[in-house]
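Beneath this line is the structure, given in C-alpha cells, with notes to follow.
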Amino acid sequence: MRHIAIIGSGPAGYYSAEAAQKKFGDDVAVDIIDRLPVPFGLIRTGVAPDHQSIKAVSRRYEKTNLGDNVRFVGNVTVGEDVSVGELQELYDAVVLATGAPNDRVLDIPGSDLKGVIGSAAFVGWYNGHPDFKDLDPPLDARSVAVIGNGNVALDVARILAKTEDEFAGSDIVGHALDGLKQSKVEKITFLGRRGPHQIAMTPKELGELGQLERAIPVVDAEDFPDLGDDAMLEPGMRKSVTHLRNFQIDEDGAQHKPIEIVFDFFAMPVEIRGDGKVEKLIVERTELDKDLRSIGTGERYELDCQMVISCIGYRTPPIEGVPYEHGRGRFANTDGRILPGLYCVGWARRGPSGTIGTNKPDGFAIVDIIAEDIGSGSNKEGRKGLDRLFDARDVKAVTFRDWKKIEEAEIARARDGSPREKFTDIADMIAARD
Ligand code: NAP
C-alpha cells in the first residue's frame, strides 16, 4: 500500500489525488488536508463569483472523493495540529499543494496607508474567505487605482464595476454585495508598468470588460504600437490586444457610462500619499528597454484615488524546515521534488501562473514522479497513524461527508438565483456540520 498526504485541497491538490487514484487504483490511500473546513481552495475563494462555469470543475473533484481511497481532512492546520515532519514519518509521500495565497508586496512608500489593499485580501473578501471577511474596503472611494495588468486586476475591476443585477446567478457573498451596492466608484484606473503588448490579461476575460452595464473601458490610442506589429504576437495575445484596440471610444464620446475603467499604460506607482488614508498615487512614466523591461523616465504625475488595490501576483508562504526560493516566492524544487518524500505541485511548485486547468498536467506529473520514487510503497502507517495523533491531540477533522452537510446548509440559505450563500465564519461552518 502507498500512503500519500496532500496538503491543500485546491485544484493542484485534487488533480494530484485523482492522478494517484488513476495510477495506483486500490493500492493507494490519499489524505487531502486543508486548514479550512471546506474544500477546493481557489475554486471557492479565488475564482471570481461571477465565473460559475469555471467553479463547476469542483464536481470533478467531488468524484475523486467518492472512492474510499481518497479522504478530505479539513479544519487541520499543518504546523499546528500536525507538522510536516510528522506527516513524512507517516506517509510515503507528502505533497505541498498549498498554492500562493500571500500577496507579492507592493514595496513603495505609503503602501501601509489605510485603503491600500492586496488582491488576496480583496478577492478573499468578495469570495467569503474567513481570513478576509472583516476587510471593510473603502467603497465610498470615487476613484480606485488597480495596480497590475493581469487577470486578477481584471476580476477586481469587473467586480467593482458591476451592478447588482449583473451579479445574478453568482455566489458573491452577501456582505460584499451589500457593500458594493453602496459603492460610489466613478473611475477605476489600471496601472500597467509596461504597454498593451505586454499585458497578462486573457482575451475572454478582457472581452467581458467591454460588456458591462454601467462601465466603459477607456484606452489611449497613443499608447499602442502600429497595428501591423500585432501580427508578431501569439494568437491569444493578439486577441487580447484587439479587444484593447476596440475599447477606443469615438471622439464624440457617444458611449459615456457612469464608470470609466481607464488603462494607464507605461505607468509605475512610486509612492502613495495621504493623511492617514490613501489620497493620491504618485506615478512615474516608464518606457521599455530592449529586453522589454520597464524603466522610469523621471516624468511623474499624480492620480487622485481613495483606494489602491495591488494585483501584482502572489507568493507561497514558506514552511519552517522546507527549502524555499525567496526570489520566486515558491518552494525550492526540481520537477516537484523538494526533499526525499517531500514534493510540491501547482502554484507551490511553479509560482502563480496559468489557469485552473494548468494544474491537471501538474498533478499527473507529480504522481508519476512519486511512483518512480516510492515503488509499491512501504509499511508506513498512513492515515491510521494520523487518526491516532488526532485522537491524542483532540483534533476534530472535518470529513467530506461533513462538508456535504455544510454545503447543503449554504445552498439552503442562498438568496434567490444564487447557488449558495457561503459561511464566512469557521465556527458557523462547523456548526452546520454538527
Ligand atoms: P499575473 O498574471 O502575473 O499579472 C501580474 C501583473 O502585475 C502583471 O501585469 C505585472 O506586470 C504586474 N506587476 C508585477 N509586479 C509589479 C510591480 N512591482 N509594480 C507594478 N506592476 C507589477 O498575476 P495575476 O493577475 O495575479 O494572476 C495570477 C494567475 O492567475 C495568472 O496566471 C492568471 O492568468 C491566473 N488567473 C486567471 C483567471 C482567469 O482565467 N479567469 C482569473 C484570475 C487569475 P509585468 O508584466 O510588468 O511584470
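For region 150-201, the set of residues classified as within 16 Å of the ligand (Cβ to nearest atom) and among the basic types (Lys, Arg) consists of Arg158, Lys162, Arg193, Arg194, listed by residue number. Check whether at least one residue in region 206-213 is of a type in the set (Asp, Glu) and buried (at least 21 other Cβ atoms within 10 Å of the Cβ), and report yes or no. No, every residue in region 206-213 fails to be of a type in the set (Asp, Glu) and buried (at least 21 other Cβ atoms within 10 Å of the Cβ). In the set (1) in contact with a strand residue (DSSP E or B) (Cβ under 7 Å, 6 or more places away or on another chain); (2) farther than 27 Å from Cys311 by Cβ, Asn102 fails one condition alone, (2).
Please state which one of Glu205, Glu213 is within 16 Å of the ligand (Cβ to nearest atom) and in contact with a helix residue (DSSP H, G or I) (Cβ under 7 Å, 6 or more places away or on another chain).
On the way: Glu213 fails: within 16 Å of the ligand (Cβ to nearest atom).
Answer to the selection: Glu205.
Mind telling me which of the residues Asp178, Asp140, Asp131 ends up being open to solvent by 10 Å² or more (accessible area, probe 1.4 Å), touching a helix residue (DSSP H, G or I) at 6+ places or on another chain (Cβ under 9 Å) and either assigned to a helix (DSSP H, G or I) or in contact (Cβ under 8 Å) with a residue 12 or more places away in the chain (or both)? Write out each step before concluding.
Values: Asp178 fails: touching a helix residue (DSSP H, G or I) at 6+ places or on another chain (Cβ under 9 Å); Asp140 fails: touching a helix residue (DSSP H, G or I) at 6+ places or on another chain (Cβ under 9 Å).
From the options Asp178, Asp140, Asp131, the qualifying one is Asp131.
The listed residues are Arg401, Arg388, Arg350, Arg383, and the only one of them that is closer than 26 Å to Ala120 by Cβ and among the charged types (D, E, K, R) turns out to be Arg350.
Just the residues that are open to solvent by less than 80 Å² (accessible area, probe 1.4 Å) and among the charged types (D, E, K, R), please, taken from region 377-391.
Pass one, region 377-391, residues open to solvent by less than 80 Å² (accessible area, probe 1.4 Å): 377-378, 380, 382-383, 385-387, 389-390.
Lys380, Arg383, Asp387, listed by residue number.
Of the residues making up region 256-270, those that are crowded, with 18+ Cβ neighbours inside 10 Å and not in a strand (DSSP E or B) number 2.
Picking from residues in region 302-313 that are outside any loop (DSSP other than H, G, I, E, B) and away from the ligand (no atom under 16 Å from the Cβ), the one that is farthest from Glu260 (Cα to Cα) is Glu302.
Does Lys63 count as touching a strand residue (DSSP E or B) at 6+ places or on another chain (Cβ under 6 Å) and of a type in the set (Lys, Arg)? Here the answer is no, as Lys63 does not meet what is asked.
Within region 120-143, the presence of a residue that is among the aliphatic types (A, V, I, L, M), touching a Lys or Arg at 6+ places or on another chain (Cβ under 9 Å) and within 16 Å of the ligand (Cβ to nearest atom) is excluded. Within the span defined as region 50-65, every residue fails to be among the hydroxyl-bearing types (Ser, Thr, Tyr), in contact (Cβ under 8 Å) with a residue 60 or more places away in the chain and on the phi < 0 side of the Ramachandran plot. The listed residues are Thr358, Thr334, Thr316, and the only one of them that is open to solvent by 40 Å² or more (accessible area, probe 1.4 Å) and away from the ligand (no atom under 11 Å from the Cβ) turns out to be Thr334.
The conditions of being within 16 Å of the ligand (Cβ to nearest atom) and open to solvent by less than 60 Å² (accessible area, probe 1.4 Å) are not met by Val218.
Scan Glu260, Glu287, Glu325 and give me the residue that is of a type in the set (Asp, Glu), more than 17 Å from Val146 (Cα to Cα) and away from the ligand (no atom under 16 Å from the Cβ). Lay out the reasoning, then the answer.
Working: Glu260 fails: more than 17 Å from Val146 (Cα to Cα); Glu287 fails: away from the ligand (no atom under 16 Å from the Cβ).
Result of the check over Glu260, Glu287, Glu325: Glu325.
Only one of the numbered conditions (1) crowded, with 17+ Cβ neighbours inside 10 Å; (2) within 16 Å of the ligand (Cβ to nearest atom); (3) of a type outside the set (Ser, Thr, Tyr); (4) farther than 30 Å from Arg383 by Cα is not met by Gly115, and that is (2). Of the candidates Arg420, Arg433, the single residue that is at pLDDT below 95 and in contact with a helix residue (DSSP H, G or I) (Cβ under 6 Å, 6 or more places away or on another chain) is Arg433.
Within region 337-355, if we keep just the residues that are closer than 18 Å to Leu90 by Cα and buried (at least 24 other Cβ atoms within 10 Å of the Cβ), the residue that is nearest to the ligand (Cβ to nearest atom) turns out to be Cys344. Taking the criterion of being of a type in the set (Ser, Thr, Tyr), within 16 Å of the ligand (Cβ to nearest atom) and in contact with a Ser or Thr (Cβ under 9 Å, 6 or more places away or on another chain), would at least one residue in region 406-422 satisfy it? Among the residues of region 406-422, not one is of a type in the set (Ser, Thr, Tyr), within 16 Å of the ligand (Cβ to nearest atom) and in contact with a Ser or Thr (Cβ under 9 Å, 6 or more places away or on another chain), which makes the answer no. Of the residues making up region 119-145, those that are under 18 Å from Val185 (Cα atoms) and under 16 Å from the mean Cα position of the chain (by Cα) are Ser119, Phe122, Val123, Trp125, Tyr126.
With the structure loaded, tell me whether Asp27 is open to solvent by 40 Å² or more (accessible area, probe 1.4 Å), in contact (Cβ under 8 Å) with a residue 24 or more places away in the chain and either touching a Cys at 6+ places or on another chain (Cβ under 8 Å) or more than 16 Å from the ligand (Cβ to nearest atom) (or both) or whether it fails that test. Taking the combined requirement at face value, the residue satisfies it.
The values are calculated or read from the model by the stated rules, or taken from the named source; none is laboratory data. What you see is a predicted model, and the numbers here were worked out from it, not measured in a lab. FYI the Cβ positions are ideal-geometry reconstructions off the backbone, even for glycines, and counts take in every protein chain you see. The protein model used for the area step is the full one, side chains on, heavy atoms only, and it has no ligands, DNA or RNA in it. Shrake-Rupley method; radii C 1.70, N 1.55, O 1.52, S 1.80 Å.
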